[in-house]
């Protein structure tokens, strides 16, 4: 499973509606309004990187009010060693 | 529980070691090497925003090789309505 | 109580009207026209971070003429130790 | 009385110590660690703009670990009209 | 007397007309077309900082074709010590 | 006579000393500490643009603590038409 | 043969259609949707740099939905020395 | 004679037409489509800096499709000492 | 097979040596000195995204003189439809 | 013949010396100190783009005090049609 973070800048009066729409996309595990230069962050769990086309290019970018996205694709996870994290946010 | 994303820029030869150190911080649920303008992203789960001082100011920023961090603090979650997500990435 | 600073960029001919509207939002303690790259700064006093959604996403960002906001959320206050500052926050 | 916001970027391992030092400057009413591209925000209350030289140029900028500051000087306050705000600037 | 520099970015076909309009504002001592990332620079002489609201927010920013302004407010003058500069500010 | 504005970014602990040194350069009519992304602004009055080499490249840029300068060269002045401005450039 | 990389920013709802159109340009060897601040990257193989005018200025920039392009033109290739790369991506 | 470089960003479908129009301005010695963040570069030869107003503010900036210009004005030439360059500025 | 473009900024006196070293990394198909804000571009062909850790984090970023990299990961290829491109730049 | 513009940012106390050194490179037709965000501009006349490696990577970037360069490579010239420009490129 591949993790990606999509940082989203949107029109001010569309943020709440976009958050609700993006939450319904099947690859979106979590989506939040955030402080800072972006308005929303979506956390994706993908089977393969080709799914980015479905969720970002054809999913998020096609929604009215989305101005820009920047996708940070995780290519290496650093698991916790000292503590068992099997229950915390397993990748399985 | 409060979610935050810490975007981290680090010295090139310190990224892997930093990923392993950051993974051990108790508020860090996940940490990844990512594509794009930042080198690492840490996903935090916090009891309150005062914990940012412990994990970011005194934790991550004190590690050798960290050049800058930018914290995106989630202030509203958009839960999935149509599908039950109780199992997907529970906040509990 | 949580403090946040909202930096606001607005259309030039809307700044004065926006300042007056933002001053009426209940979480806004002070709002000013400022020099520099932003046009207005609002100082917020919040009960919890969820109130950011009400005041920023649904309050400020919905006002006509607001182009962008950037929210700086305080997560640690540094109180004055040497001098009593009990009186020092008043506007005089 | 003139209000100004000083946005401060600092070396990661100096932020907490700087917050405590800046809090002791007499024109600094409040100072916080904040999320976003800056590390600290200081809220100033000044008798006149010449005091900026004392507090910023000779005060904050001379402290070890300060990398950059950007000062937003308020030149117009928008008072609340509908509600009495006489009590609203306290930290409660 | 307070000095301020207003850096102005404007629509290309409006620069000359804007220069002429801004020159008529009473607090504007000089205004120029300039090289570099801004199009016009206005040199202001103000009685107090509240006048910035009149000349910038309500004056310059309300003119058609102004895209952005950035105001640099002088808070300390460095007078020449070795030479008498009493005559040096004239335009010759 | 040619007017130019030199925006100067300097090391924090050198700003006051630099202001005093720059004030002594013969082409510098005024120099100020300013709010915003630059630390100092120098107002130049030049006989010809070749003097920029003397005052900027060999003068200001050679002073210890200067990090960057950006020169905005005026190529058109917009004189006031309605009011006589013969007296308006003085510092009063 | 000259190699160039064209980084393309496009309207969100036009990316997929643009990728397909750009793929048909004769100098475009490969084109991809990519993560990061740009949306598409086109890899060009050119006979001479004048062909950039045909493929970029008149080709890509004329397509509806293209917002900006930035062209990185290769002026020196570093061939692999240790391994025979005759088959890998020959320049011929 | 004064040399200046005007860096021009333009609408994608107007670049070729703009290049042809700008080439006809009498102070424009050369104009090119270029790689990088700007679309066109014009090389100017001016009698005095006041001509910038004619060629840039009233000439280039008034042409439809020009989005921004940035003018780099040469204030010191470094002539070649070792070799005679009397012939070297021609286009050959 | 996954394609990625690594944009590399390097110290000026190390660019040529870095180009030769990067060319030897097994996942690097091509590497070039380029015009524009980056110094080198490496074209990668990867078996999976985890290889980015080997080639970028541990490979390129560990080389002396590399200042920053930005990786653009391709997640969708747009194949040419009208013409057979089997011979042009085969991925095999 | 290929034309390129190299924009150079340099250490303040090295600009004049660098201008003199760069003027001696055989592909450099002209070099100037300029106003704006860059310090020097070199105008190159090249036989082919491979010469950029010699003049920029190994020439300019190897000189002490050069901090960054950005090369704008001309790929289309727009010749003047209405007037004969055979004489117009000389320095007079």
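See the values below:
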{"item": "Filtered residues of segment E:44-53 (kept if surrounded by fewer than 22 Cβ atoms within 10 Å (Cβ to Cβ) and within 13 Å of the chain's Cα centre (by Cα))", "result": "E:45, E:46, E:51"}
{"item": "Which numbered condition residue D:10 fails, given (1) over 8 Å from the mean Cα position of the chain (by Cα); (2) closer than 22 Å to residue C:36 by Cα; (3) surrounded by fewer than 23 Cβ atoms within 10 Å (Cβ to Cβ)", "result": "(3)"}
{"item": "Residues of segment B:1-50 satisfying the condition of being within 30 Å of residue C:46 (Cα to Cα) and out of contact with any helix residue (DSSP H, G or I) (no Cβ under 9 Å at 6 or more places or on another chain)", "result": "B:1, B:3, B:5, B:7, B:29, B:41, B:43, B:45, B:47, B:48, B:49, B:50"}
{"item": "Matching residues, segment B:56-65, being in contact with a strand residue (DSSP E or B) (Cβ under 7 Å, 6 or more places away or on another chain), surrounded by fewer than 23 Cβ atoms within 10 Å (Cβ to Cβ) and touching a residue at least 12 places away in the same chain (Cβ under 8 Å)", "result": "B:65"}
{"item": "Filtered residues of segment C:51-70 (kept if in a loop (DSSP other than H, G, I, E, B) and over 26 Å from residue B:47 (Cα atoms))", "result": "C:59, C:63, C:64, C:65"}
{"item": "Within segment A:16-41, considering residues that are surrounded by 24 or more Cβ atoms within 10 Å (Cβ to Cβ) and either in a loop (DSSP other than H, G, I, E, B) or out of contact with any strand residue (DSSP E or B) (no Cβ under 6 Å at 6 or more places or on another chain) (or both), the one farthest from the other protein chains (Cβ to nearest Cβ)", "result": "A:39"}
{"item": "Failed item, numbered, when residue C:44 is tested on (1) touching a strand residue (DSSP E or B) at 6+ places or on another chain (Cβ under 6 Å); (2) at pLDDT 95 or above; (3) more than 14 Å from chain A (Cβ to nearest Cβ)", "result": "(3)"}
{"item": "Breaking point among (1) within 12 Å of the chain's Cα centre (by Cα); (2) more than 7 Å from every other protein chain (Cβ to nearest Cβ), for residue D:73", "result": "(2)"}
{"item": "Count of segment A:66-88 residues which are surrounded by fewer than 15 Cβ atoms within 10 Å (Cβ to Cβ) and modelled with pLDDT under 70", "result": "6"}
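The values are calculated or read from the model by the stated rules, or taken from the named source; none is laboratory data. Quick caveat: nothing in here was measured; it's all calculated off a predicted structure. Please note: Cβ atoms are built from the backbone with ideal geometry, for glycine as well, and neighbour counts cover all protein chains shown.
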